[in-house]
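The values are calculated or read from the model by the stated rules, or taken from the named source; none is laboratory data. The shown structure was predicted, so the numbers you read here are calculated from the model rather than taken from an experiment. Backbone-built Cβ (ideal geometry, glycine too); neighbour counts: all protein chains shown. Surface areas here come from the heavy atoms of the whole protein model, side chains and all, with no ligands, DNA or RNA. Shrake-Rupley method; radii C 1.70, N 1.55, O 1.52, S 1.80 Å.
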Amino acid sequence: MYYVDFNTIKYPFPALADGGIDDLARKSENEITVNLFEFLRQNNVILDIKHQGRFFTFLIYSLSMAICSGTLNKITSESKIAIYDEENYALLNNRELGKKIKLNYDYYTPHEENEKNITMPYFMHPEVYCSGMYKIIKDMRNNQKIIRLLFAGTYNEKLYTESFHFKMLNRIQILDTIQEYHKDNLEVVRNRPALELLLTKNSLPDILFIISENTINTILKGYILEPKELFYFYSRSNFVLCPPGVEIPHCHNVIEAMSVGAIPVLNYAEFFSPPLEHMKNCVSFKTKEELILRIHEIRRLSQFKIDELHKNVINYYEQYLTPERFAERIINSHENELIVFANDEGTSAKYVEQNHGNVMV
């Protein structure tokens, strides 16, 4: 078993096994712990980052995997990359640096996208990458669909209401609306025995909610489903409801669902880069009335159109949401000084609040 050591946090990281980094690892009988800061430093990537939220795990993962896969083999001791989020003049005046990358957490304020300004995509839960579970994604994309619309996640009224200040429907409002107006076509499962009983039936409801109130920050989260089972259910669903997260619109479930080709139903399509498009690679809504209408439309959509959306979702995921593609964009940019817009959850939400007062966009 391989583990990556993010100072004090450990995640399984088997993908680094072939990266030639055993000399950096502290070995024991059952595990190898790799310090990725040291791994990146020895591969001429310098990190000077103060805000180390979940996006930081993704950033390090992207760069490390790009190095291991050979994507970043152009980096030499004479062309080091420095990634920072606060001015460090001693570091930035280093003449050996080939590329300087500043992280900007003002993610939700509109910004131009080009070779100099690159938006870091949101990501699946770090455990998906670090456990190696991402390797099974492509094999699941052609699974037969048996659920029209799925939601699998957390429901906690206090958390998802008091901590969310964007001017859009929050998770509780979305889930409550569907449960009120589509209750005749909806099954809500709140524990494992109920789920197992449901799966013994000859048919499943059009809309299935698998709901937990456990808000612990892991991919499991008491979902009633093991992580691999969660992806299995995503892959068996035509559409997946992806309501906002705790503090920001994005939540890792939307990326996880898209990775296996499930079509996201969401109210923040414009916050993707590039934006998702209604009835091309997502189903988008803004108001409760639109949400009610969209669910009616989903239940009556032709299989031909669903297949088209399914293909478009996979194409979007492969082109814009994989760690490897993100790392390639950074390294292949002809600019020597870049700005990467990173979605640092609480930090990014605070930027929006500062720019727009108490009412967030």
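With the structure loaded, tell me whether Leu204 is at pLDDT below 90, of a type outside the set (S, T, N, Q), within 30 Å of Phe123 (Cβ to Cβ) and within 25 Å of the chain's Cα centre (by Cα) or whether it fails that test. Judged against the criteria, Leu204 is not a match.
Restricting to the stretch 103-131, and then to whatever is at pLDDT 90 or above and over 18 Å from Gly53 (Cα atoms), can you tell me which residue is least open to solvent (accessible area, probe 1.4 Å)? The extreme case among them is Ile118.
Okay, residues lined up against (1) assigned to a helix (DSSP H, G or I); (2) of a type in the set (Gly, Ala, Ser); (3) modelled with pLDDT under 75:
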residue	(1), (2), (3)
Phe56	yes, no, no
Ile60	yes, no, no
Met65	yes, no, yes
Ile83	no, no, no
Glu86	no, no, no
Asn94	no, no, no
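Checking Glu247, Glu277, Glu256 one by one, the residue that is within 19 Å of Met133 (Cβ to Cβ), in contact with a helix residue (DSSP H, G or I) (Cβ under 9 Å, 6 or more places away or on another chain) and among the acidic types (Asp, Glu) is Glu256 and no other.
Residue by residue, here is whether (1) in contact with a Gly (Cβ under 6 Å, 6 or more places away or on another chain); (2) open to solvent by 40 Å² or more (accessible area, probe 1.4 Å); (3) at negative phi holds:
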{"site": "Met133", "(1), (2), (3)": "no, no, yes"}
{"site": "Ile137", "(1), (2), (3)": "no, no, yes"}
{"site": "Arg141", "(1), (2), (3)": "yes, no, yes"}
{"site": "Ile147", "(1), (2), (3)": "no, no, yes"}
{"site": "Tyr160", "(1), (2), (3)": "no, no, yes"}
{"site": "Phe166", "(1), (2), (3)": "no, no, yes"}
{"site": "Leu169", "(1), (2), (3)": "no, no, yes"}
{"site": "Asp184", "(1), (2), (3)": "no, yes, yes"}
{"site": "Glu187", "(1), (2), (3)": "no, yes, yes"}
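The condition (being open to solvent by 10 Å² or more (accessible area, probe 1.4 Å), touching a helix residue (DSSP H, G or I) at 6+ places or on another chain (Cβ under 6 Å) and among the hydrophobic types (A, V, I, L, M, F, W, C)) is satisfied by just one residue among Ile292, Ile314: Ile292. Please determine whether any residue of the stretch 148-157 is at pLDDT 90 or above, touching an Asp or Glu at 6+ places or on another chain (Cβ under 8 Å) and farther than 30 Å from Thr109 by Cα. Looking for residues that are at pLDDT 90 or above, touching an Asp or Glu at 6+ places or on another chain (Cβ under 8 Å) and farther than 30 Å from Thr109 by Cα, one finds at least one in the stretch 148-157, hence yes. I'd like to know if the stretch 93-102 contains one or more residues that are open to solvent by less than 10 Å² (accessible area, probe 1.4 Å) and under 19 Å from the mean Cα position of the chain (by Cα). No, there is no match, as no residue in the stretch 93-102 is open to solvent by less than 10 Å² (accessible area, probe 1.4 Å) and under 19 Å from the mean Cα position of the chain (by Cα).
In the stretch 270-289, what residues are open to solvent by 60 Å² or more (accessible area, probe 1.4 Å) and assigned to a helix (DSSP H, G or I)? Hits for the stretch 270-289 are Glu270, Lys288, Glu289. If only residues of the stretch 306-349 that are among the small types (Gly, Ala, Ser) and farther than 27 Å from Ser284 by Cβ are counted, the one that is modelled with the lowest pLDDT is Ala327.
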